[in-house]
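S.K.: Here you go, one structure.
The values are calculated or read from the model by the stated rules, or taken from the named source; none is laboratory data. Keep in mind the model is a prediction, meaning the values are calculated, not measured. Note that we place each Cβ from the backbone using ideal geometry, even for glycine, and neighbour counts take in every protein chain shown. Note: areas computed on protein heavy atoms with side chains; ligands, DNA, RNA excluded. Shrake-Rupley method; radii C 1.70, N 1.55, O 1.52, S 1.80 Å.
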Amino acid sequence: KDAKLEGKDRPSVINEICEMRGCNSALYFETRKHKDLFIWVAKTPLGPSAKFLVQNIHTMGELKFTGNHLLGSRPFLVFDATFESEPYLVLLKEMFMQVFGTPRGHRRSKPFVDHTMSFYFLDGRIWVR
């Protein structure tokens, strides 16, 4: 697959892509020297953004999960109570809810939930499962 953005492109290109596609949130995966993986979570065009270093990834094949969630189903978002303790964690929780959540009544969403995304804050790290 082709890379969507070149390394020399400015991050403002992401805002332009979101504007063309009618999006108000973005997830951008950035690699450096084929070793480090970063995820940018952003509210576009003027919202806050956060950059995370990915330290560990497990694929569905490794975990031996069967199947996939249904197309159009909404995720059930679960947050650790720690996300209410610090102002920056409250902001990150709100960003995650807006980026990963599906608005109720969205024309392409289904009225049921069949998968869960859990966010935990432990040892100074955010764990997503």
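S.K.: When DSSP assigns beta bridges and you keep just the ones with both residues in the chain, what percent turn out antiparallel, to the nearest 5?
M.R.: 75
S.K.: Taking just the C-alpha trace of the chain, give me its Rg and Dmax in Å.
M.R.: Reported Rg and Dmax, both Å: 16.1, 43.
S.K.: Two-decimal Rg/Rh of region 52-128 from alpha-carbon positions, Kirkwood Rh? Before the final figure, lay out the partial values.
M.R.: Numbers: Rg = 14.3 Å, Rh = 14.3 Å.
We get a ratio of 1.00 for region 52-128.
S.K.: Order the following by accessible area, largest value first: K64, K43. Probe radius 1.4 Å; ligands, DNA and RNA are ignored.
M.R.: K64, K43
S.K.: Quick one: among E84, E19, E62, which has the greatest mean-square fluctuation in a GNM of the chain with alpha-carbon springs under 10 angstrom?
M.R.: E62
S.K.: Taking the Cβ of V128 as the centre, find all other residues whose Cβ is under 13 Å away and add up their charges (Lys, Arg: +1; Asp, Glu: -1).
M.R.: Numbers: positive: K93, R125, R129; negative: D80.
That works out to +2.
S.K.: In the full protein assembly as shown, how much of I17 is accessible to a 1.4 Å probe, in Å² to the nearest 10?
M.R.: Rounded to the nearest 10, the figure is 70 Å².
S.K.: For F112, what is the net charge nearby, where nearby means another residue's Cβ is under 15 Å from its Cβ and Lys, Arg count +1, Asp, Glu -1?
M.R.: Spelling it out: positives minus negatives among the neighbours equals +3.
S.K.: Total Lys pairs in the chain closer than 22 Å by alpha-carbon, pairs eight or more apart in sequence or interchain only?
M.R.: For the chain, the number of qualifying lysine pairs is 15.
S.K.: Tell me, what is the per residue accessible area of the chain in Å², probe radius 1.4 Å?
M.R.: 80
S.K.: May I pose another question? Residues with amide H under 5 Å of L77's amide H, sequence separation 5 or more or different chain, H placed in the peptide plane at 1.01 Å from N; which?
M.R.: M117
S.K.: Got a sec? Which residues in region 17-58 would a label at M97 touch, if it sits 7 Å along Cα→Cβ and we count backbone N under 19 Å?
M.R.: Those under the cut-off are 24-26, 41-44, 47-50.
S.K.: While we're here: Just reorder V54, V113 by solvent-accessible area, largest first, 1.4 Å probe, all chains present.
M.R.: Details: V54 40, V113 70 Å².
I get V113, V54, largest accessible area first.
S.K.: Figure the gain on full extension for E62 and E84 (residue separation times 0.36 nm, minus the Cα-Cα span) and round it to one decimal in nm.
M.R.: 4.7 nm
S.K.: Still on this model: Rounded to the nearest 0.05, what FRET efficiency do Y120 and E19 give with R0 = 22 Å and r taken as the Cβ-Cβ distance? Could you check? Show your work: numbers first, answer last.
M.R.: Working: r = 33 Å, r/R0 = 1.51.
About 0.10, to the nearest 0.05.
S.K.: Any idea what the relative contact order of region 18-62 is, in percent, if you count C-alpha pairs under 8 Å spaced at least 6 apart?
M.R.: 29
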